[in-house]
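Report on one structure; see the data block that follows.
The values are calculated or read from the model by the stated rules, or taken from the named source; none is laboratory data. Note that this is a predicted model, so its numbers are computed, not measured. Don't worry about glycine lacking a Cβ; one is built from the backbone with ideal geometry, like all the others, and counts go over all protein chains shown. We work out accessible area using only protein heavy atoms, side chains counted, and drop any ligands, DNA or RNA first. Shrake-Rupley method; radii C 1.70, N 1.55, O 1.52, S 1.80 Å.
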Amino acid sequence: MNTPASAAPGAPGAPETEARSTAGTGASSAVEQRLAELGLTLPEVAAPVAAYVPAVISGNHVYTSGQLPFIDGKLEATGKVSSGTEGASAEVTVSPEAAQRYAAVCAVNALAAVKSVIGDLDRITRIVKVVGFVASDPSFTGQPGVINGASELLGKVLGDAGQHARSAVGVAVLPLDSPVEVELIAEFA
């Protein structure tokens with residue numbers, strides 16, 4: 001299934017409720033209030049698709065598993081990210097702009113995973129590291145721009161605590177044929 005870019009959160013014509021979940025009603029922290037100002041709420045933590053847990057605590061750090069761009073339990077797009085000018089693939093492609101919006105959805109899902117183990121996102125003192133994976137057409141080299149969607153969202157909702165080290169990696173394919181996947185390490189008090 002491929003979803004047009006206009007269906008991504010924040011895109012022109014995107015339904016306002018698409019990135020919302022009933023689990024996120026009533027912001028309970030300053031971070032959730034900033035998400036609400038952006039028209040977003042924390043979703044339920046996505047159920048694992050294999051043998052792992054969404055997040056674990058080690059010391060004063062939370063490590064999330066890779067988060068896909070699920071909205072209301074549904075993967076919003078599939079395919080490789082391509083600007084449309086490279087490659088001659090007949091596969092379904094996702095524009096870099098849409099993939100960037102999906103990376104932001106992944107970051108929101110990662111924050112939900114963090115909250116599931118620490119209870120309150122205001123306990124986050126720093127996002128230490130973000131790793132983003134982009135299912136890429138073989139000639140696509142814009143992975144950093146795609147993962148900026150996650151990085152910029154984290155900066156908007158966490159301020160200075162959202163500034164982080166990062167890797168943006170192009171890969172051949174991701175689980176469920178997702179165009180993007182994001183994981184993070186958060187320090188908390």
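No other residue among ALA8, ALA51, ALA47 is open to solvent by less than 70 Å² (accessible area, probe 1.4 Å) and at pLDDT below 95 apart from ALA8. Looking only at residues in region 31-44 that are in contact (Cβ under 8 Å) with a residue 60 or more places away in the chain and open to solvent by 60 Å² or more (accessible area, probe 1.4 Å), the one that is nearest to ARG123 (Cα to Cα) is ARG34. Only one of these conditions is not met by GLY162: (1) open to solvent by less than 10 Å² (accessible area, probe 1.4 Å); (2) within 14 Å of ASN109 (Cβ to Cβ). Which number is it? That leaves (2) as the condition not met. Counting only residues that are surrounded by 20 or more Cβ atoms within 10 Å (Cβ to Cβ) and farther than 10 Å from ALA135 by Cβ, how many does region 165-182 have? Here the count works out to 2. None of LEU153, LEU121, LEU111 is more than 14 Å from the chain's Cα centre (by Cα) and surrounded by 23 or more Cβ atoms within 10 Å (Cβ to Cβ) except LEU121.
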